[in-house]
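In what follows, a single structure is set out as structure tokens and then discussed.
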Amino acid sequence: MKPHASRAAPRLFTPVDLVLGAEIRLPDRAAHHLAVLRMRSGDAVTLFNGRGGEFSAELLRVAADEMLARVLSKDDSERESPLFIALAQCVSGGDRMDTALQKSTELGVSKIVPIASERSVVKLSSDRAEKRVAHWRNVVIAACEQCGRNRIPEVAPIAAISDFLEQAPGRELRLLLAPDAGQTLKHLPPPREVVLLVGPEGGLTARERGDSERAGFVPVRFGPRVLRTETAPLAAMAAMQTLWGDC
């Protein structure tokens with residue numbers, strides 16, 4: 001049966017072994033998405049499992065209890081940036097955190113560490129924190145499906161800022177956005193790896209900023225304006241990709 005040509009093939013994260021010619025049962029999340037799109041047997045889909053490349057497939061069975069697909073071919077294309085960016089984003093409320101993570105994924109972030117700081121509006125119990133992190137991971141997966149990435153950025157568990165600063169990975173460059181900083185991104189030598197720390201709605205406290213600088217984070221300003229917590233990482237990453245990455 002030939003795939004229908006009337007619609008673009010949706011991209012779906014399918015965390016299973018994808019072998020040419022194999023018939024696979026699609027996970028519940030992917031199956032639900034296809035049901036919403038009213039996909040039919042014979043329709044084309046694109047699958048990726050986060051291990052590199054993407055696979056063309058066709059739907060064999062579309063039913064309420066299961067969806068089956070046959071893997072047809074593999075495309076080894078990669079869309080990852082040569083610049084490794086780890087985003088340490090202080091947890092924000094409402095949809096702001098979702099926006100920051102979704103758009104960061106589109107901009108090529110490599111790893112995301114949600115940070116609990118003193119001024120973080122959202123305070124989560126351990127159970128709620130685990131559910132929130134699971135939600136954020138799904139936000140990142142959906143962003144990869146949309147933007148064409150075949151590898152899923154890691155979303156780490158929520159970390160207290162003090163713990164993060166003690167254990168922050170020894171990347172080549174550590175940056176802290178600060179409107180009063182004396183230098184900008186263009187003053188820095190081109191790095192291969194960056195850790196970007198972004199404060200919450202009310203900014204980092206004086207103690208947190210001091211601790212960050214002692215941990216090796218370099219304050220940089222991004223223009224004379226104060227950016228919102230969900231805007232700051234996106235503006236900074238777009239600039240970093242332009243200066244040092246793949247734009």
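The values are calculated or read from the model by the stated rules, or taken from the named source; none is laboratory data. None of these values were measured; they are calculated from a predicted model. Don't worry about glycine lacking a Cβ; one is built from the backbone with ideal geometry, like all the others, and counts go over all protein chains shown. Side chains are part of the model used for accessible areas, which takes the heavy atoms of the whole protein and leaves out ligands, DNA and RNA. Shrake-Rupley method; radii C 1.70, N 1.55, O 1.52, S 1.80 Å.
Before we move on, is Arg174 open to solvent by less than 50 Å² (accessible area, probe 1.4 Å), outside any helix (DSSP H, G or I) and out of contact with any Cys (no Cβ under 8 Å at 6 or more places or on another chain)?
In short, yes.
Could we say that Arg137 is surrounded by 12 or more Cβ atoms within 10 Å (Cβ to Cβ), modelled with pLDDT under 95 and closer than 30 Å to Glu54 by Cβ here?
It is false that Arg137 is surrounded by 12 or more Cβ atoms within 10 Å (Cβ to Cβ), modelled with pLDDT under 95 and closer than 30 Å to Glu54 by Cβ.
Residue-wise test of (1) out of contact with any helix residue (DSSP H, G or I) (no Cβ under 8 Å at 6 or more places or on another chain); (2) aliphatic (A, V, I, L, M); (3) farther than 21 Å from Asp246 by Cβ.
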| position | (1), (2), (3) |
| --- | --- |
| His32 | yes, no, yes |
| Ser41 | yes, no, yes |
| Ala44 | yes, yes, yes |
| Leu60 | yes, yes, yes |
| Ile85 | no, yes, no |
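Scan segment 56-66 for residues that are part of a strand (DSSP E or B) and open to solvent by 10 Å² or more (accessible area, probe 1.4 Å) and jot them down.
Matches in segment 56-66: Ser56, Glu58, Leu60, Arg61, Val62.
Any chance you could count how many residues in segment 208-247 are assigned to a loop (DSSP other than H, G, I, E, B), in contact with a Ser or Thr (Cβ under 9 Å, 6 or more places away or on another chain) and among the hydrophobic types (A, V, I, L, M, F, W, C)?
Matching residues across segment 208-247 total 2.
Within segment 146-171, can you find the residues that are surrounded by fewer than 18 Cβ atoms within 10 Å (Cβ to Cβ) and over 15 Å from Met97 (Cβ atoms)?
Gln146, Cys147, Gly148, Arg151, Glu154, Ala160, Ser162, Asp163, Glu166, Gln167, Pro169, Gly170
Could you check Arg51 against (1) surrounded by 14 or more Cβ atoms within 10 Å (Cβ to Cβ); (2) in contact with a Leu (Cβ under 9 Å, 6 or more places away or on another chain); (3) within 30 Å of Pro190 (Cβ to Cβ) and say which number it fails?
Evaluating Arg51 over (1) surrounded by 14 or more Cβ atoms within 10 Å (Cβ to Cβ); (2) in contact with a Leu (Cβ under 9 Å, 6 or more places away or on another chain); (3) within 30 Å of Pro190 (Cβ to Cβ) leaves (1) as the failure.
Tell me which residues, restricted to segment 69-87, are open to solvent by 40 Å² or more (accessible area, probe 1.4 Å), out of contact with any Ser or Thr (no Cβ under 6 Å at 6 or more places or on another chain) and closer than 23 Å to Leu47 by Cα.
Correct list: Arg70, Lys74, Asp75, Asp76, Ser77, Glu78, Arg79, Glu80.
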